[in-house]
Amino acid sequence: MPKALGKINGRMQVEEMEVDENSLEKASKVEWDTPLSGMVYGTLLNYQGTLDQMGDTLHHPPYQSPPKAPILYIKPRNTFIGHQAAIPLPDDVEELETGACLGVVIGREAKWVEEERALDYVLGYTVVNDISVPHSSVFRPAVKDKSRDGFCPAGPWIMEKGAVTNPDDLTIQVFVNGEKKQENNTSNLVRSVSRLLAEVSGFMTLDQGDTLLVGIPENPPHVKAGDHIRIHIEQVGTLENVVRRESMSGRGSQ
């Protein structure tokens with residue numbers, strides 16, 4: 001049976017657990033803390049469909065050409081919340097943009113990693129919802145649109161690397177209020193998981209516990225207060241959260 005690492009609210013340590021197809025039902029009966037511990041780096045424009053949609057825009061100012069290297073941004077610690085925690089909808093915002101991501105959790109220091117050996121540095125994988133306020137900035141996403149409190153739900157757990165057959169061929173589905181709103185596959189990444197790890201570690205060190213988000217598929221659904229979001233990544237897990245007005249929810253409330 002596959003093993004995962006998870007953290008239950010009120011407990012100091014991350015715990016190893018066995019998980020199966022019935023684990024999500026069990027997971028709904030406990031309060032989960034985020035499994036994230038280190039830095040979280042997001043990646044822009046790493047799905048081919050997103051580049052295709054931008055079309056000729058990429059060849060005009062300010063871009064001039066498609067990106068030649070990974071475009072990264074940071075999801076700081078204030079954004080971290082767990083499975084079933086409430087996503088705060090700021091009182092000055094009408095809707096949020098979901099961001100279904102495969103999170104690649106680093107198992108040991110990764111620096112100048114060769115693509116062929118990149119997965120040797122992976123601890124496991126988790127489901128992440130890279131929430132943002134809808135915005136038009138692409139190459140330089142505004143901090144206030146990507147980094148508000150509760151804008152990085154993750155979990156419920158980190159699935160062990162060996163339980164995932166091929167991280168470059170995983171179906172990702174997003175359901176809003178029970179209706180499927182998005183489906184894609186990591187086979188459509190511009191940079192595979194291994195290539196992305198190799199290129200990023202070529203200019204900065206990834207430490208144990210850091211998480212690299214491989215990117216958000218094109219056409220992410222928008223959600224409003226009261227909406228229930230369920231993101232499923234095959235072989236990894238299912239992350240669920242409800243959107244609540246910030247004045248009503250408080251950070252990380254259940």
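Tabulated data
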quantity	calculated
Gain in span if fully extended, Asn9 to Asp92, counting 0.36 nm per residue against the direct Cα distance	26.9 nm
Where labels lie 7 Å past Cα in the beta-carbon direction, separation of Arg117 and Asn185 in nm	3.1 nm
Pair Ile71, Arg245: separation of 7 Å Cα→Cβ label points (nm)	3.5 nm
Loop-exposed trypsin sites (Lys or Arg not before Pro) per DSSP, neighbour cap 12 Cβ within 10 angstrom, longest uninterrupted part of the chain	112-254
Rounded, prolate or oblate (a/c below 1.5 giving rounded, otherwise prolate when a/b exceeds b/c) for region 169-254 by Cα gyration tensor	oblate
Amide H contacts under 5 Å for Gln182, placed H, 5+ residues apart	Val174
Exposure proxy ranking, count of Cβ atoms within 10 Å, fewest first, for Phe80, Phe203, Phe175	Phe203, Phe175, Phe80
Efficiency of FRET from Cβ geometry, Gln48 and Arg108, R₀ 22 Å, rounded to 0.05	0.15
Percent RCO, i.e. relative contact order, over region 95-210, from Cα pairs under 8 Å lying at least 6 residues apart	36 percent
Ranking of Asp210, Asp120 by count of other Cβ atoms within 10 Å, fewest first	Asp120, Asp210
Cα gyration tensor category, rounded, prolate or oblate, for region 65-171 with a/c compared to 1.5	oblate
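Every read-out reported here was derived from the displayed coordinates using simple, explicitly stated rules and does not represent laboratory data. This one's a predicted model, so the numbers in the text were calculated from it and none came from an experiment. Cβ sites come from the backbone with ideal geometry, for glycine too, and all protein chains shown count toward neighbours.
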